[in-house]
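One structure below.
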Amino acid sequence: MSRDKNMLLRIQSPEGTKRVEIAASDTTLNLYEKVHDVFDLNSFAFALFKERNQKHEITSSKSSTLRYHGLRHGDMIYLVPINGALLFSTSSNNSNQSGEPVVPQTSSTSTSSTGRPSSAVGLSKALSNIQEDEVDVQLSKIDGKIKRKRDEKLCRHNSNAACVHCSPLEPFDENLMKEQNIKHLSFHSYIRKLTSGVDRGKFLALEDISCRIRNGCKDHPPWPKGICSKCQPSAITLNQQVYRHVDNLTFENTNLVEKFLYYWRTTGLQRVGILYGNYEIHADVPLGIRANVVAIYEPPQESTRDSVRLVQDQKEELVDRIAEALDLRRVGWIFTDLVPKDLQNGTVKHTRNIDSHFLSAQECIMAGFYQNAHPNPCKYSSSGYFGSKFVTVCVTGDKNNQVIMEGYQVSNQCMALVRDNCLLPTKDCPELGYVRESSDKQYVPDVYYKEKDSYGNEVSRIARPLPVEYLLVDVPASTPNTPQYSFNPDPTKEPFPVENRMIDTQLQDFNALSQYLSQFGQEQFFTAISDFHLLLYIAAMDMLPMHDCMGPLLEAIRTKNVELAEEWSRSEQWATVEQLIAASSPPPSRPGSVAAGGVSVGVGASPNGPKWTCSICTYLNRMDLAECEMCSSPRMMDL
C-alpha cells in the first residue's frame, strides 16, 4: 500500500515553480495533464525533463509510469515550451477592464470538419463587420443574368412572354461560357452558382485550406511526439481552379509599359514594378472584375540580366499613403524576362511556352506571397478574407519574337501552400515545384495531383515534384484602344525620371526636378505636377520633404481640380521649392568661358580655379557645378 501513496513533485517553469500531487503508479500522461491543469496552460506544447539542461526527458505515455522513470517524492522536474510556444496566458489577454472574460475572435467563426460554421449567429456577426471592396458591393447588387432576344424560329409566344429559348441565362451557364470562349468563371458568378440551390446559400462558407496542425489537442503531446485525426490537416488534391478573382488587367495607356521597359532597353537588366490602380466592373465577362493600372512604382532592387533581387523599401508606407490619397491601391506586380534575339529588329527570344513553362515555381511562390499579403475581403468567409485580387504580369517574348504581357494568378490552393511554407522551387527545372516533406519541426500534409498514365487512366501522383500549371489561373492583360491618362498626358514633354533607377540619365535629384519643371509655364502647373513619380519625389525630398502638406494637392489631382492645384502652388512650402530651383540655376556665362552641353564652363572648371562654398555642408565646389558635390544641395547664388 505504501507504493500507491501519493508523492509531491516540484515543477519548475519560466513562470515559477508549483507542486503536483501524484501517485508513483500513475502514467506520465497523467503527469502531463496535472501539470497542464496546475499551471493553467494554453496547450500541451511543452516537455518535461529530469535535469535543468534538458536531459532525460519524461515522455508522455499511457503505459510508462512515474516509478519506471525513477521519480521520487520531492524531485524537481523542469518544464520547457516546445518551439517557443506561448503557454502562459496573462490576465490582460483573458479579461477586459470590467473583469469579464473576452471571447477570442475565432470562437465566433469556428467551423466544423465539413467547413460549415458551427454557429450561425456567430457567422452573421462576423459577416456584418466585413468591409468588402466597392466593386464587390456593386456586383452583389446586380442581377447578373444574361438577357436573350426572342428567337423568331423557335419562340411561339408574344413579346411580353418568355420560354426556354429566350429566357435569361445564369452567369455561370456552361454553354454561354463555351460560346464566348470564357475559360474561368468570374468569382461572383461562382458565388451565384453556389447560392443557386434550394437553400439559396444559407449555409455557404468559403474557407481557405490549412496545412498546419490544429493547436489545443489534449489527447497527446504536440508534434513530433504525437498527432491524431482531430488536429492533423487533411491531404490535398490539387485541381485546376474553375474561377478567378480578376478577369482582366488593363494598362490605361501604352506609355506606362513603354516607360517601364525603357530601363531594360537601355541597360539590358531585368526589372520589377508594383502596379497601382483600382478595380472596376468588367462588362465582357458576366459579373467580371477588371484591374485598371494607372501607375507603375519601381521599388529598390538589384538587377542582373537573369534575375532581380528586391531590397527592403524604406518608403513603402509613404508610397501607399500617397496612392490611397489618389484613390489608388496595389493591384498587382510586373516583371520582365526578356532575352534579346536581334538588336537591330528589336526582337526577343520566345522562352516561355507550353514546352517549357509559363511561370517558374519561384515566380509562383512570389505570386502566392503577394496574394497572401493582399487578401480579398469576402463576406462568405468566416475569417473575412478569401483568395486575392492581386495579379502577376510577366513581360516576355511571344512566338513571333515580339514583346508581350502575360497575366496570371495562382490558385487559392497555392496560396495556402505558400502561406504555410510547404512549397519549394526546384534547382534545375523551373517548371516544377516541390512540396516539403514532414520533419520534427513541421508537419506537411500529403499533396497530390492527377494526371493520365500511358493507358489513359487518371492516376494520383505525389507532388514531389509538382508541375506548376496546376497552380496557375490565366488573367488576360492588355491596353485599351482609346488610351486614358490619369496623370500628365503631354507626350511632347520629357517625363520626370522613375524612382530607384541607378542610371546617370534617370536619377531623381533636385537638378532633374529643376529641368522637368522648366518645360512648363506658370499656367501649366496642374499638368506639370500630375506625375506619380514626381509626387513621390517631392513627398520625400531629402532637402525639403513635403508629405505633410500635400493633402490639398493630392485631392486636387484626384478630383482634377485645376483651381485647387493652382491655389496650392501659391503656398509657402512650394514657394520655397521655387526659390531653391531659381537659386540652383547655373550662373550666366562670363567672357572667356566656353559653353559645353548647355552648361557654362569657364575658369571655374579648373581644379585650382575659384570655388563656391555650400551653405549646408561648407564643402568647396567648382564654379561650374549647380549642386553641391557632397550633399547635392542647390547652389545659393549671391544676390
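List of remarks:
- When +1 charges are put on Lys and Arg Cβ atoms and -1 charges on Asp and Glu Cβ atoms, the dipole computed for the chain relative to its Cα centre reaches about 2480 debye.
- With the simple spin-label model, which puts each label point 7 Å out from Cα in the Cβ direction, the GLU132 to LYS441 separation comes to 4.1 nm.
- Amide H contacts of ILE82: PHE46, ALA47, each under 5 Å away and 5 or more positions distant or on a separate chain (H built 1.01 Å from N in the peptide plane; Pro and chain starts excluded).
- Of the three principal axes defined by the Cα atoms of the chain, the extents in descending order read 117, 88, 59 Å.
- Multiplying the residue separation of THR492 and SER454 by 0.36 nm and removing their Cα-Cα distance gives an extension gain of 7.6 nm.
- Straightening the chain between MET76 and LYS62 buys 2.9 nm, computed as 0.36 nm per residue apart minus the Cα-Cα spacing.
- Measuring nothing but protein heavy atoms, the accessible surface of the range 321-480 at 1.4 Å probe radius is 48 percent carbon and sulfur.
- Normalised by the number of residues in the chain, the mean separation of alpha-carbon contacts (under 8 Å, six or more apart) gives a relative contact order of 10 percent.
- Between 0 and 90 degrees, the angle of helix 572-583 with respect to the longest Cα principal axis of the chain falls at about 50 degrees.
- In this simple spin-label approximation, GLU563 and SER140 carry label points 7 Å from Cα along the Cα→Cβ vector, and these lie 3.8 nm apart.
- Computed label-point distance, nm, for sites LEU318 and PHE49 using a 7 Å Cα→Cβ extension: 4.8 nm
- Residues of the chain: accessible area per residue with a 1.4 Å probe, Å²: 56 Å²
- Highest mean packing comes first when the peptides 251-257, 149-155 are listed by Cβ atoms within 10 Å, giving 251-257, 149-155.
- Ellipticity estimate at 222 nm from DSSP helix runs (n ≥ 4, -39,500 (n - 2.57)) divided over the chain, nearest 500: -6000 deg cm²/dmol
- Quotient of Cα Rg and 2.2 N^0.38 Å for the range 254-413, N being how many residues it contains: 1.10
- Filter on LYS141/LYS379; LYS145/LYS450; LYS230/LYS379; LYS34/LYS218; LYS349/LYS389; LYS341/LYS399 - keep pairs with C-alpha separation over 23 Å: LYS145/LYS450; LYS230/LYS379; LYS349/LYS389
- Listed residues GLY384, LEU544, SER303: farthest to the positive end of the dipole of the chain (Cβ charges): GLY384
- Each of SER25, ASN239, VAL468 was placed along the dipole of the chain (beta-carbon charges, centred on the mean Cα), and the one lying farthest toward the positive end is SER25.
- Compared with the rule-of-thumb size 2.2 N^0.38 Å for a compact globular protein, the range 381-472 has a Cα radius of gyration ratio of 1.33.
- Global size of the range 221-282 as Cα Rg and Dmax, reported in angstrom: 22.6, 60
The values are calculated or read from the model by the stated rules, or taken from the named source; none is laboratory data. Keep in mind that this is a model prediction, so the values were computed, not measured. Reconstructed Cβ throughout: ideal geometry from the backbone, glycine too, with neighbour counts over all protein chains shown. When the accessible area is computed, the model is the full protein with side chains, heavy atoms only, and any ligands, DNA or RNA have been set aside. Shrake-Rupley method; radii C 1.70, N 1.55, O 1.52, S 1.80 Å.
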